[in-house]
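**Student:** Take this structure, written in structure tokens, and hold onto it; I'll ask about it next.
Values quoted throughout were computed directly from the atomic coordinates according to the rules given, and no laboratory measurement underlies them. Not measured: the values here are computed from a predicted model. In this analysis, Cβ positions are derived from the backbone assuming ideal geometry, glycine residues included, and neighbour counts consider all displayed protein chains.
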Amino acid sequence: LSIRSKEIYSKLVLNAKPRLESCFSKLKTGSFEITGNPTRAYNCVAWAAEDTSQWWWPVPPGAAYWPDGVAEEPTLVAFVQAFGTLGYVPCESPALEPRSEKVAIYLKNGAPSHAARQLPNGRWTSKLGQRERIEHDFDALEGNGLHEYGQITQIMSMRRKTSLSRFAAWLKRLVKLWRSSFFC
Amino acid sequence: MLVTNKSEASSPLSEDSFHAMVSEWELATGLTSDLTEMSAHPAFRRIVDSGRAAIPFLLRELKADPSFLVLALGEITGENPVPRSAKGKVKEMAKAWLAWGERNGYCDEAQ
């Protein structure tokens, strides 16, 4: 990192908890833990999709990863389709179900702003843009403040993955990556 | 030959003012995943509006600390040297732009 970047990084890492509390009002009243350091390698949607290799976002077209065949537009429909490529389907309840994995899609001013994933303990995990990864209460990132993510508008669920299905998904991603590199 | 979709008349840009704009942009947009929001931020727009004068600064910055400032290079030059397989991988995107910089004679300036 450059000296300037180190200075910014220090500012961000030091006192990260109070800084995040000042950005997300509900974090002050609930409990949350920082579970990962800031990184630009992946973002909230990627983390919700369990992909730490790349940034997922539909626009501007071509700037980040977005699943093939899904509309490159910042709409709830496109985000539902994107998670649909992983096997998620829309559902009503954010309650913990032992055999289901769930994601929550946030909308702010009518456009997707964030995605979070439910953990097996019932709490939720989020990657905050380029910043930290946290474990938090369901609605802890809601709000209309400058940095807050608006409202949770869609919950999606899929059958919880087994170790074998996780390996198969990883293999599938690897093959896809190899094919896109090969044909480029 | 360098192709640009921005005005050739670049405003004067110092290293200090460039770093001030980058710092402002990073601090303001660090919590968002939305690349459109990042590239719409006023500090990012000022970097793009600096035109080709910003290119050496951008390349130097990306070499030290890869980030979505790569999007500014795309807007300034109108080019896209990032291979499809590198989309969304910030380090690889920065690497593609650094190679572009070398091909286009910015390697000395970006040291």
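**Student:** Relative contact order for chain A: what is it in percent, counting Cα pairs under 8 Å that are at least 6 residues apart?
**Tutor:** 24 percent
**Student:** Can you tell me what share of the DSSP beta bridges in chain A is antiparallel? A percent to the nearest 5 is fine.
**Tutor:** Restricted to chain A, the bridges split so that about 95 percent are antiparallel.
**Student:** A further question on this structure: Could you work out the longest stretch of chain B that avoids the GluC sites (Glu not before Pro) located in DSSP loops with at most 16 other Cβ atoms within 10 Å?
**Tutor:** In short, B:9-78.
**Student:** Helix by helix through chain B, keep the DSSP H runs that span 15 Å or more along the axis on Cα and average at least -0.5 on Kyte-Doolittle, and give those back in order.
**Tutor:** The qualifying helices are B:15-29, B:90-103.
**Student:** Also, quick follow-up: Restricting to Cα pairs below 8 Å that are 6+ residues apart, what does the relative contact order work out to for region A:60-134? Please round to a whole percent.
**Tutor:** This gives 20 percent for region A:60-134.
**Student:** For region A:1-141, take every pair of Cα atoms, bin their distances at 10 Å starting from 0, and report each bin as a whole percent.
**Tutor:** Final binned percentages: 11, 39, 35, 13, 1.
**Student:** Say a paramagnetic label sat at a point 7 Å from the Cα of A:Ser163, along Cα to Cβ; which residues of region A:26-65 have their backbone N under 15 Å from it?
**Tutor:** Hits in region A:26-65 for A:Ser163 at 15 Å: none.
**Student:** Here's a follow-up. What is the Cα convex hull volume of chain B when expressed per residue in Å³?
**Tutor:** Here the figure is 99 Å³ per residue.
**Student:** Over chain A, how many pairs of lysines fall under 23 Å by alpha carbon, counting only those 8 or more apart in sequence or from different chains?
**Tutor:** Counting lysine pairs in chain A gives 20.
**Student:** Using only C-alpha positions, report the orientation-averaged shadow area of the convex hull of the protein assembly as shown, nm², one decimal.
**Tutor:** One quarter of the hull surface, i.e. the mean projection, equals 15.7 nm².
**Student:** Alpha carbon centre of region B:27-68 versus region A:35-102: separation in Å?
**Tutor:** Spelled out, the Cα-based centre of one part sits 24 Å from the other.
**Student:** List the residues, sorted by chain then number, that are 5 or more residues from A:Arg159 or on another chain and whose placed amide H is less than 5 Å from its amide H.
**Tutor:** Result for A:Arg159 returns A:Glu101.
**Student:** If you plug each phi of region A:62-68 into the Karplus form 6.51 cos²θ - 1.76 cosθ + 1.60 with θ = phi - 60°, what whole-Hz ³J(HN,Hα) values come out, in order, with x for Gly and Pro?
**Tutor:** Karplus-based 3J(HN,Hα) across region A:62-68 equals x, 7, 9, 6, 8, x, 4 Hz.
**Student:** While we're looking at this one, here's another question. Are there any helices in chain A, counted as whole DSSP H runs, that stretch 27 Å or more along their axis by Cα and score at least 0.0 on average by Kyte-Doolittle, and if so which?
**Tutor:** Qualifying helices, which must be both long enough and hydrophobic enough, are A:163-183.
**Student:** Still on this structure, I have one more. Along Cα→Cβ, 7 Å out, is where each label goes; now give me the distance between the ones at A:Asn109 and A:Leu174 in nm to one decimal.
**Tutor:** Once both label points are built, they end up 4.3 nm from each other.
**Student:** Do you know the relative contact order of chain B, to the nearest whole percent, from alpha carbon pairs under 8 angstrom that are 6+ apart?
**Tutor:** 30 percent
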